[in-house]
Amino acid sequence: MTASTSDIEKAAGVLRAGGLVALPTETVYGLGANAEDPAAVARIFRVKGRPSSHPLIVHLGGAEYLDDWVEDVPATARLLAEHFWPGPLTLVLRRGPRVPLEATGGLETVAVRVPDHPVGLALLSAFGGGVTAPSANRFGSVSPTTADHVRAELGEAVDFVLDGGPCEVGVESTIVDVTGDAPSILRPGGVTREDLEAVLGCPLEVPSTSRVRVPGQHPSHYAPRARVVLVEPEKVVAEAGLAQELGHRVGVFLPAFLADAPVKAHAVVTVPSSMAAYAHGLYGFLRELDQQGCDLIIASVPVEEGLGLAIANRLRRAAGPRPS
């Protein structure tokens with residue numbers, strides 16, 4: 001915990017005054033505003049360049065506040081909150097009257113979670129309300145996992161950056177829709193499908209499309225400046241060498257089992273074999289290759305089990321079609 005008590009009180013004051021605070025969570029840094037202040041919420045969209053139809057997540061200081069913000073809490077939601085809050089799990093529920101439509105993209109559902117970070121929780125406690133907080137970066141770009149990432153990307157557009165050190169998990173929360181007959185994963189993230197299924201005692205779907213709009217569903221998202229190309233793991237070295245010969249400044253995500261292979265590339269990151277370590281470092285790796293001037297990144301997706309599912313999701317969206 002790097003932020004002081006005075007820093008936390010100052011950040012809470014900024015939120016009360018309608019300002020924007022970059023706050024740490026265990027997943028990524030969020031760009032926070034008073035969830036009950038439509039003007040402050042609208043400013044988040046302007047600073048990020050985020051379409052107003054894309055809903056935000058409301059962060060709460062504890063599960064005991066859930067009923068204050070949503071219309072109905074089914075037993076499934078309470079069970080998941082009991083097991084995974086504080087933590088990287090977001091629940092989609094019916095919007096309560098305290099949540100303005102500006103925060104939900106006009107929807108009657110709202111995404112809520114309790115972050116597992118001492119500084120983030122201290123801010124929520126000092127503020128005494130809900131905080132809408134998408135990732136503290138420009139819309140569609142790589143999410144920030146340190147305070148310096150926020151400062152470098154958003155600069156003075158943020159009124160206060162609350163430094164809580166590097167984020168532990170490194171990828172966003174898992175989003176689960178609990179408004180229907182059966183829960184489903186709308187975005188894989190820091191809580192694995194396997195862990196959710198163990199608690200619920202039933203398999204969970206991960207639909208390719210959803211009837212509910214939630215963060216992170218845009219075709220191109222979590223993207224560095226460099227173009228990302230995904231290939232089979234065994235083809236990473238060959239594809240990188242070919243692209244380098246064609247004149248690209250190539251960055252490579254080298255699978256751990258190829259760590260000793262010679263690679264023709266401008267820059268190489270050997271990704272960890274541990275999925276937790278890979279998730280923790282993923283966005284930093286992408287930023288590092290951007291900073292080294294790469295214009296093309298060759299990578300492969302990991303096995304889609306555990307946190308590998310979330311990593312694969314982020315890499316596919318990073319490689320998605322860019323707006324023209």
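Here, each number is a calculation from the coordinates, and none is a lab measurement. Every value quoted in this text rests on a predicted model; they were computed, and no experiment measured them. Cβ atoms come from the backbone with ideal geometry, glycine included; neighbour counts cover every protein chain shown.
Looking at the chain as a GNM with Cα springs under 10 Å, which of 174, 76, 104 has the largest mean-square fluctuation?
Of 174, 76, 104, the most mobile in the Gaussian network model is 76.
Give the cross-link partners of residue 264 among the aspartates and glutamates, using a straight C-alpha distance below 16 Å as the criterion and excluding same-chain residues fewer than 8 apart.
234, 239, 245, 295
Report the net charge of residues surrounding residue 190, where surrounding means a beta-carbon distance below 11 angstrom and charges are Lys +1, Arg +1, Asp -1, Glu -1.
Neighbour charge sum, excluding residue 190 itself: -3.
With springs only between Cα atoms under 10 Å, which of 78, 193, 287 fluctuates most in a Gaussian network model of the chain?
78
If the only charges are +1 at each Lys and Arg Cβ and -1 at each Asp and Glu Cβ, what is the size of the charge dipole of the chain around the Cα centre, to the nearest 20 debye?
The dipole of the chain has a size of about 1060 debye.
Around residue 178, under 12 Å between beta carbons, what's the net of Lys plus Arg minus Asp minus Glu among the other residues?
Once positives and negatives cancel, what remains is -1.
For the chain, modelled as a Gaussian network with Cα springs under 10 Å, which listed residue fluctuates most, 32, 61, 241?
Maximum fluctuation in the GNM of the chain, among the listed residues, is at 241.
For the chain, give me the percentage of DSSP beta bridges that are antiparallel, rounded to the nearest 5 percent.
40 percent
Please list, or write none, the lysines whose alpha carbon is within less than 27 Å of the alpha carbon of residue 48, excluding same-chain residues fewer than 8 places away.
The qualifying lysines are 10.
Below 8 Å between Cα atoms, with a sequence gap of 6+, how large is the relative contact order for the range 258-324 in percent?
RCO, the range 258-324: 26 percent.
Determine the sum of side-chain charges near residue 295: Lys and Arg each +1, Asp and Glu each -1, restricted to other residues whose C-beta is under 10 angstrom from that of residue 295.
Residues near residue 295 contribute +2 overall.
So for the chain, averaging the separation of alpha carbon pairs under 8 Å that are six or more residues apart and normalising by length, what relative contact order in percent results?
Contact order relative to length: 19 percent.
At 7 Å along the Cα-to-beta-carbon direction for both residue 295 and residue 75, put a label point, then send me their distance in nm to one decimal.
The two pseudo-label positions are separated by 6.0 nm.
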